[in-house]
Each structure stands twice: as structure tokens, then as C-alpha cells.
1. Go over the candidates 137, 77 one by one and state the one that is in a loop (DSSP other than H, G, I, E, B), free of Cβ contacts under 8 Å to residues at least 60 places away in the same chain and crowded, with 16+ Cβ neighbours inside 10 Å.
2. Which ones in the stretch 80-114 are without any contact (Cβ under 8 Å) to a residue 60 or more places away in the chain, over 19 Å from residue 149 (Cα atoms) and outside any loop (DSSP other than H, G, I, E, B)?
3. Looking at the stretch 62-71, which of the residues that are over 11 Å from the mean Cα position of the chain (by Cα) and not in a strand (DSSP E or B) is surrounded by the most Cβ atoms within 10 Å (Cβ to Cβ)?
4. Suppose we filter 153, 145 for residues that are closer than 16 Å to residue 74 by Cα, out of contact with any helix residue (DSSP H, G or I) (no Cβ under 7 Å at 6 or more places or on another chain) and either touching a residue at least 60 places away in the same chain (Cβ under 8 Å) or loosely packed, with under 14 Cβ neighbours inside 10 Å (or both); which single one remains?
5. Can you name every residue in the stretch 62-79 that is in contact with a helix residue (DSSP H, G or I) (Cβ under 6 Å, 6 or more places away or on another chain) and within 17 Å of residue 116 (Cβ to Cβ)?
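Any read-out appearing in this document is the output of simple, stated calculations on the displayed coordinates, not a laboratory observation. Keep in mind it's a predicted model, so treat the numbers as computed, not measured. For neighbour counting, all protein chains shown are included, and Cβ atoms are generated from backbone atoms with ideal geometry for every residue, glycine included.
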């Protein structure tokens, strides 16, 4: 019986690795970054900062629209100020994949649809979760990364309205 359980666990591990390889091959632009992650002191200033409202909460976000910046994300940074985030803006709704490669602090990820509603939340993602990929259960057009625990602390849940008009201008 123990041998059957060991074989089953091995098969699950193999399937997980194959799934990750498949995601990498199908969506390489999300994962590939041809440059090394810059050190915190050498990082460029944010490409563009805007303010968004999530329910009754206002926060500053770094707006990311270019593939190279999306691939870099928050990787290599030592931390992020408590009431800030990074907003990834995609051209159309889809199931976009994120991972924690090069991350130094845990995150919550909010998945936002084209109607500016939170449609999924992935909470408390650990820096030790790499190479696991994270995606919304339903298509999203905007993805917001915030410090782990932020959504819980601020009462943000599914269906919360997000005003990102300032970020889209």
C-alpha cells in the first residue's frame, strides 16, 4: 500500500513539473527576462505612478504595461511600501500567469476584470512558492500586486470595485 502511495505522489510531482513546463512554453513572455534583476539601489524609478481606489481605500500604484516590465515585476526589490502596489495592465481579458521568481517579500494578487471588479484574489503568496504559477480562475484584464495581508486588512473581497481611471490615462 505504501508503495502505491509513493508512486501516486511521484506522479503528482511529475504532473506539476510538466504543467509548469507547459505554462512556460505557452506563455514565455510572462516569465522571460533577459536582464538580471537590478539591485534595489540601482533600480530605475517607477515607469509611471498613479492612484487607484479599491472600495474605500486609496493607494499609489506603479503602472506596468510593457512586457519587459511585466516580466520584471517586483522581482529583486527588498520590499514595497505598505499602501502601494503594482498594477499590470493587459490589452484584453485573459488568464495571465504570475510566479514569485526573485521575490523578497510575500504578496496578495487581486485579479480585476474589464468592468473594474475584483474577480479573484490569491492571498499570502510566499517567496518560497517559486516555481508555482498563479492565475485567476476567471479571465482578468488587470492584475494588482499588493503586500501580503493587505486585502484582509482593508476588507477587499470578490466584487469590490476598483477605480483605476487615473492609471489608464
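1. 77
2. Once the filter is applied, which keeps residues that are without any contact (Cβ under 8 Å) to a residue 60 or more places away in the chain, over 19 Å from residue 149 (Cα atoms) and outside any loop (DSSP other than H, G, I, E, B), the stretch 80-114 yields 88, 90, 91, 92, 93, 94.
3. Ranking the qualifying residues of the stretch 62-71, first place goes to 69.
4. 145
5. Matches in the stretch 62-79: 63 only.
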